[in-house]
Amino acid sequence: MKKYSFLFSLVIVALAAVGCSKWTETERLTYDNQDVQKLVYLIEAQKESDLNPHMREYYKKLREEYRTKPRVKGFGWFGNWTGKGDNAQNYLRCLPDSVDFVSLWGTRGKLSEEQKIDLKFFQEVKGGKALLCWIVQDLGGPLTPVGKDRIQYWKNEKGGGNFNEGVKAYANAIADTIEKYNLDGFDIDFEPGYGHSGDLADVSYIGDIAGDNPMQVFIETLSARLRPKGRMLVMDGEPYYLSKETSKLVDHYIYQAYWERSTNSVKWKIQQGDLDDWERKTIITVEFEQTWRTGGVSGYRSVRNELNSMEGTQILDYATFDLPSGKRIGGVGSYHMEYDYANTPEYKWLRKALYYGNQKYPGNYQ
């Protein structure tokens, strides 16, 4: 467990030129067998050199040691992002240090200057990654130019009358946007069984994404553009529709296990399909738009009996989830993760979950 200890070590900051009254208070995080106190000045910091030497050294270790170790990853869909103002809830750089990557919920590109600065700090100083994300249902989606008929534009103008050529053009437009704004990849929100089927989300059975299925073409095109350059491609919602071969083109399978009420029901959900390296590539998530105060749904039952007597059973169970092979789950996260900021301490549940998954209940992360 030594390799994680620096994340929770004492960081003392005597002076900082970047403080503001709302973000210069001591953030005190205390868990079992820990006494942790860390002063953080982030809201007004725009680059690493704005931090004092203690903080620069801390973040260097975060990037070089913590980020490179096998572990339960921290994830979330991050909404209401502005990168400006005095509310730390709206900043990527004020997320917990243990968050590895986020999907930007509601962002379509066209970043403001404040967002660009915030993104760069999150990436370069904290070592985090930020992905574009939206529901992929129909050809063109939110990138269809205003006033254009999407089929006419993507299939006929861009695809020469061939639907799958139009799909390639759409995927390339997404990759172009990611490259333009220096984002870290794309999260395909794929939910045909949850009311979001369409001409690009058209599947009939588990493992159906193969061959000339439009989603197969979409994934192949995005993977070829993003992953060779170190960017990520993930699928959330219903990744079990991927064929085994296609799943090799995806970095993570993210399940919206929002309303499951037990370890076994979640286990059933994530074992559907035949996916490559599914244990360590799987991330399970809770819903925080409604349940941010309690760390998930009430009445959840974990196979770890000691978790059933405390608040936050759902997210703590997800973070300590051991699969039939004995491997620990790949990651844990939340929808509208920014709502967790209003708890005490800030981001209480995601912090505690990652502490449980990586320290209190160490597992097989290989």
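Some points to look at:
- Residue count for the range 338-363 under the criterion of being farther than 14 Å from ALA319 by Cβ and either surrounded by 24 or more Cβ atoms within 10 Å (Cβ to Cβ) or in contact (Cβ under 8 Å) with a residue 40 or more places away in the chain (or both): the result is 7.
- For the range 81-108, the tally of residues that are over 25 Å from GLY357 (Cβ atoms) and of a type outside the set (S, T, N, Q) stands at 7.
- Within the range 199-234, the set of residues being at positive phi and exposed (fewer than 15 other Cβ atoms within 10 Å of the Cβ) comprises GLY211, GLY230.
- Inside the range 298-344, residues that are assigned to a helix (DSSP H, G or I), in contact with an Asp or Glu (Cβ under 7 Å, 6 or more places away or on another chain) and farther than 22 Å from GLY237 by Cα make up a count of 1.
- Annotation for the range 203-215: no member residue is in contact (Cβ under 8 Å) with a residue 60 or more places away in the chain and out of contact with any Asp or Glu (no Cβ under 9 Å at 6 or more places or on another chain).
Conditions (1) out of contact with any Leu (no Cβ under 7 Å at 6 or more places or on another chain); (2) surrounded by fewer than 19 Cβ atoms within 10 Å (Cβ to Cβ), marked per residue:
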site: LEU119; (1), (2): no, no
site: VAL125; (1), (2): yes, no
site: LYS129; (1), (2): yes, no
site: TRP134; (1), (2): yes, no
site: LEU139; (1), (2): no, no
site: LEU143; (1), (2): yes, yes
site: ARG150; (1), (2): no, yes
site: TRP154; (1), (2): no, no
site: LYS158; (1), (2): yes, no
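- Within the range 87-110, the set of residues being part of a loop (DSSP other than H, G, I, E, B), closer than 14 Å to HIS336 by Cβ and hydroxyl-bearing (Ser, Thr, Tyr) comprises THR107 only.
- Residue match in the range 118-131 (condition: closer than 24 Å to GLU57 by Cα, out of contact with any helix residue (DSSP H, G or I) (no Cβ under 9 Å at 6 or more places or on another chain), polar (S, T, N, Q) and not in a loop (DSSP other than H, G, I, E, B)): yes
- Tallying residues that are within 17 Å of LEU119 (Cβ to Cβ) and basic (Lys, Arg) within the range 68-95 yields 2.
- Boolean, GLN115 is in contact with a Gly (Cβ under 8 Å, 6 or more places away or on another chain) and either surrounded by fewer than 19 Cβ atoms within 10 Å (Cβ to Cβ) or part of a helix (DSSP H, G or I) (or both): yes
- Scan the range 132-175 for residues that are touching a residue at least 60 places away in the same chain (Cβ under 8 Å), part of a loop (DSSP other than H, G, I, E, B) and not charged (D, E, K, R) and the total you get is 3.
- Condition broken by GLY76, with the remaining ones in (1) under 13 Å from the mean Cα position of the chain (by Cα); (2) assigned to a loop (DSSP other than H, G, I, E, B) satisfied: (2)
- Exactly one residue out of THR282, THR263, THR246, THR294 is at pLDDT 95 or above, within 15 Å of GLY76 (Cα to Cα) and surrounded by 18 or more Cβ atoms within 10 Å (Cβ to Cβ): that is THR282.
- Scanning the range 298-309 for residues being within 13 Å of TYR356 (Cα to Cα) and either hydrophobic (A, V, I, L, M, F, W, C) or surrounded by 14 or more Cβ atoms within 10 Å (Cβ to Cβ) (or both) gives a total of 2.
The values are calculated or read from the model by the stated rules, or taken from the named source; none is laboratory data. The model shown is predicted, which means the values in this text are computed figures rather than measured ones. Every residue, glycine among them, receives a Cβ derived from its backbone with ideal geometry; neighbour counts consider all protein chains shown.
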